[in-house]
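Remarks on the structure that follows.
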Amino acid sequence: MDLLAVLNLWNPAGVATIGGALVLAFALGIVHGITPDEHTWPITFSYAIGSYSSRRGLVAGLTFSAAFTVQRAIASELANLALAKVFVDTPWLDYAVYVAVGLAMALAARYLFRGEHWHLLSPAHHVEDGVPDVTMKPWMPAVHGFIAGWGIGAFALILYTVLAPAMPVWLGWAPGAAFGLGTTVVQAVAGGLFGAVARHLSLTEAQIRAVALVTAGRTLLWGGVAFVVAGVVGLAFPNLLSFHLVTPLHVHNLHNIGIAQVLVIFAVVVVGIGTLVRETRHAARRARSLSRAGEQDAAPSAEPGRTEQLDG
């Protein structure tokens, strides 16, 4: 095994062995899962937090990553068959994937909050307005995972131009599968953690479910809108989204901060975590307010008895 090539996750050169290529692909998949990637984090966060439990969040992360792994294995085999040029020389492909992912996210939000509950996805409404009696369907993160996998970034370029072509034809799919499995490990853990956050909000079961679903719905809707807008702008005016801020971190997804990281920050941090914190605080305040109102309503009921006692 070419140890130096395996350790060089930033700019790997020719890998001498099949084992080295697979280890490198798996390691890159782990880094891909950890770093703020627009094709994984917003979707994993949405479905995991909407599952409002550690177990269901873990399942959501696994389902998404399993479909992502299948897609990467297929694309890896295609790259091995000398079709990598199609991916590399198609700069608009990533923006087209943005549009597809964004539409899928918005449709998922529409499914969760159909009918009279659609208004809950507006920041002007809160969870006490009622939430639909629905649950996340297992196929939803799977569909997202397969669509999102077609995005092209630094990790995909290494996979398709260095690792997959180095494999024999019958193993061309293996680097993509190894990369997907590395991402799966991280995303499954992240899904479980996101689900645990929703489950331990110090609220009632009904409040937890309401906060989790509203958080997931808003992240899917507004994150989806952001993805569609970015995709359309990128397809029409690609130079507008070519900006990037260079950092001293030689880690892909952290070295160049551009539209991908902006989408992650907006969808996960601004919309997702912002909604989670705001709705949790609002639900807690409302619970305290109802508790105080109940105590005040109960207090006068003791007065007549006391008056009768005094009169007697």
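The values are calculated or read from the model by the stated rules, or taken from the named source; none is laboratory data. Keep in mind that what you see is a predicted model, and the values were worked out from it rather than measured. All Cβ positions, glycine included, derive from the backbone under ideal geometry; neighbour counts span all protein chains shown.
Here residue 174 fulfils each of the conditions (1) over 22 Å from residue 102 (Cβ atoms); (2) modelled with pLDDT under 80 apart from (2).
Residues that are small (Gly, Ala, Ser) and touching a helix residue (DSSP H, G or I) at 6+ places or on another chain (Cβ under 8 Å) were ranked within segment 247-272; the one that is modelled with the lowest pLDDT is 258. Figure legend. Inter-residue proximity from segment 16-41: first residues closer than 23 Å to residue 266 by Cα, second residues of a type in the set (Ser, Thr, Tyr), beta-carbon distance below 7 Å, spacing 6+ or different chains. Indicated pairs: 32/183; 33/40; 33/183; 40/183.
Residue pairs whose Cβ atoms lie under 7 Å apart, separated by 6 or more positions or on different chains, with the first residue in segment 160-175 and closer than 17 Å to residue 23 by Cβ and the second surrounded by fewer than 21 Cβ atoms within 10 Å (Cβ to Cβ) and aromatic (Phe, Trp, Tyr), do not occur.
Taking every residue in segment 272-283 that is of a type in the set (Asp, Glu) and pairing it with any residue that is outside any helix (DSSP H, G or I), at least 6 positions away or on another chain, the pairs with Cβ-Cβ distances below 8 Å are 279/126. Filter segment 194-231 down to residues that are of a type in the set (A, V, I, L, M) and loosely packed, with under 15 Cβ neighbours inside 10 Å, then give me how many there are. Of the residues in segment 194-231, 2 are of a type in the set (A, V, I, L, M) and loosely packed, with under 15 Cβ neighbours inside 10 Å.
In segment 1-72, counting only helices (runs of 4 or more DSSP H) that sit wholly within it, the ones holding 3 or more residues that are over 18 Å from residue 139 (Cα atoms) and at pLDDT 80 or above span 18-34. Considering segment 132-171, and only residues there that are of a type in the set (Phe, Trp, Tyr) and modelled with pLDDT under 80, the residue that is nearest to residue 114 (Cα to Cα) turns out to be 150.
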